[in-house]
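S.K.: The structure under discussion is supplied below as structure tokens; questions concerning it will follow.
The values are calculated or read from the model by the stated rules, or taken from the named source; none is laboratory data. Just so it is clear, the structure is predicted and the values come from calculations on it, not from any experiment. Cβ placement follows ideal geometry from the backbone for every residue including glycine, while neighbour counts extend to all protein chains displayed.
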Amino acid sequence: MGRLICLHFVIPHPKSTQRAFLSQFNCCQERPVWYGEIPLLGYLLLRGKCQACGRSISLLHPLSELMGGLYFLLSLYFFGLHLKLIPVLIFGSSLIAIFFIDLRERRVPNRIVFPLYLVGVIFIALAYPERWMELMISSAVAGGLFLILALLVPGGMGMGDVKLAATMGIYLGYSVFPGLMIAFVTAALTGLFLILTRKKTRKDYIPFAPHLVLGAIISLFWGTQIISTYKGL
């Protein structure tokens, strides 16, 4: 299920403008044998290599399948077999796609963010009209905050991060704010670790969207509890 959720968007072939199919790897684009189609297990059975050309298969493939599968199970546990599960899965699959695309290509595709935002607006209008104000305010504040940061610190925050933060607000409401805090904390810790291990310098670019994705997923499932715990301190 993880493959069905996310791999339609996750790994664009570097020499193609088209999205990768479920069974394409990033070398010769040959379809693997049938057991190579099995999520996670296929990667292990192929020993992490394309059976056609022998090149290594990117770890992004099994990692995206694992993340997609875990997200689906968590969504099913928290939301059950309900209509509201549909936008939750759309939100999560898009986030996972953005996670890996930004890691690999350092960009947040408009073709994912814009439709995702539109779906969120339509969904809240139909399913949660009483939360319309909360969700729109959360989106505007989150997007506005990141826009200010992008303008004040050129190169530190991309416009893709701005659009992603605004989209998170549409789906998460006030829970977007602990999600943003999680993103900043994890990004800072990651950057510190990479600098201390000399894998990056202070001038090197570190993708921020993956941290936003992590914060969004945590807040989707536990954001309300985080806010309640904070209020109780």
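S.K.: In segment 51-86, which residues are surrounded by 19 or more Cβ atoms within 10 Å (Cβ to Cβ), over 14 Å from the mean Cα position of the chain (by Cα) and modelled with pLDDT under 90?
M.R.: Kept after step one, since they are surrounded by 19 or more Cβ atoms within 10 Å (Cβ to Cβ), are these residues of segment 51-86: 57, 61-62, 64-65, 67-68, 71-72, 75.
Among the residues that remain, those that are also over 14 Å from the mean Cα position of the chain (by Cα) are: 57, 61-62, 75.
Result: 57, 61, 62.
S.K.: Which of the residues belonging to segment 100-120 are surrounded by fewer than 16 Cβ atoms within 10 Å (Cβ to Cβ) and of a type outside the set (Lys, Arg)?
M.R.: If we filter segment 100-120 for residues that are surrounded by fewer than 16 Cβ atoms within 10 Å (Cβ to Cβ), which is where we start, we get 103, 105-107, 110-111, 114-115, 118.
Answer for segment 100-120, where residues must be surrounded by fewer than 16 Cβ atoms within 10 Å (Cβ to Cβ) and of a type outside the set (Lys, Arg): 103, 105, 110, 114, 115, 118.
S.K.: Right, something else. Could you check, for segment 163-181, whether at least one of its residues is under 30 Å from residue 85 (Cβ atoms), modelled with pLDDT of 95 or more, of a type outside the set (Asp, Glu) and surrounded by fewer than 16 Cβ atoms within 10 Å (Cβ to Cβ)?
M.R.: yes
S.K.: Here is a follow-up. What residue, among those in segment 177-204 that are among the hydrophobic types (A, V, I, L, M, F, W, C) and touching a His at 6+ places or on another chain (Cβ under 8 Å), is farthest from residue 145 (Cα to Cα)? Before you say what the answer is, go through the steps one by one.
M.R.: Taking segment 177-204 and keeping what is among the hydrophobic types (A, V, I, L, M, F, W, C), we get 177, 180-185, 187-189, 192-196.
Now drop any that are not touching a His at 6+ places or on another chain (Cβ under 8 Å), which leaves 182-184, 187.
Values: 182: 15, 183: 14, 184: 13, 187: 17 Å.
By that ranking, first place goes to 187.
S.K.: Next question. Are there any pairs, at least 6 apart or on different chains, whose C-beta atoms fall under 7 Å, with the first in segment 100-119 and touching a residue at least 60 places away in the same chain (Cβ under 8 Å) and the second assigned to a helix (DSSP H, G or I) and of a type in the set (Asp, Glu), and if so, which?
M.R.: 108/102; 108/161
S.K.: While we're here: Got at least one residue in segment 220-232 being loosely packed, with under 12 Cβ neighbours inside 10 Å, in a loop (DSSP other than H, G, I, E, B) and free of Cβ contacts under 8 Å to residues at least 60 places away in the same chain?
M.R.: Checked segment 220-232: at least one residue is loosely packed, with under 12 Cβ neighbours inside 10 Å, in a loop (DSSP other than H, G, I, E, B) and free of Cβ contacts under 8 Å to residues at least 60 places away in the same chain.
S.K.: Has segment 123-142 got any residue that is in the same structural domain as residue 213 (by TED's automatic domain parsing) and touching a Pro at 6+ places or on another chain (Cβ under 7 Å)?
M.R.: Step one: filter segment 123-142 for residues in the same structural domain as residue 213 (by TED's automatic domain parsing), giving 123-142.
Restricting the remaining residues to those that are touching a Pro at 6+ places or on another chain (Cβ under 7 Å) gives 123.
Yes, that holds for at least one residue.
S.K.: Something else: Can you find a residue in segment 185-202 that is in contact (Cβ under 8 Å) with a residue 40 or more places away in the chain and more than 17 Å from the chain's Cα centre (by Cα)?
M.R.: no
S.K.: Can you find a residue that is without any contact (Cβ under 8 Å) to a residue 12 or more places away in the chain and hydroxyl-bearing (Ser, Thr, Tyr) anywhere in segment 121-142?
M.R.: yes
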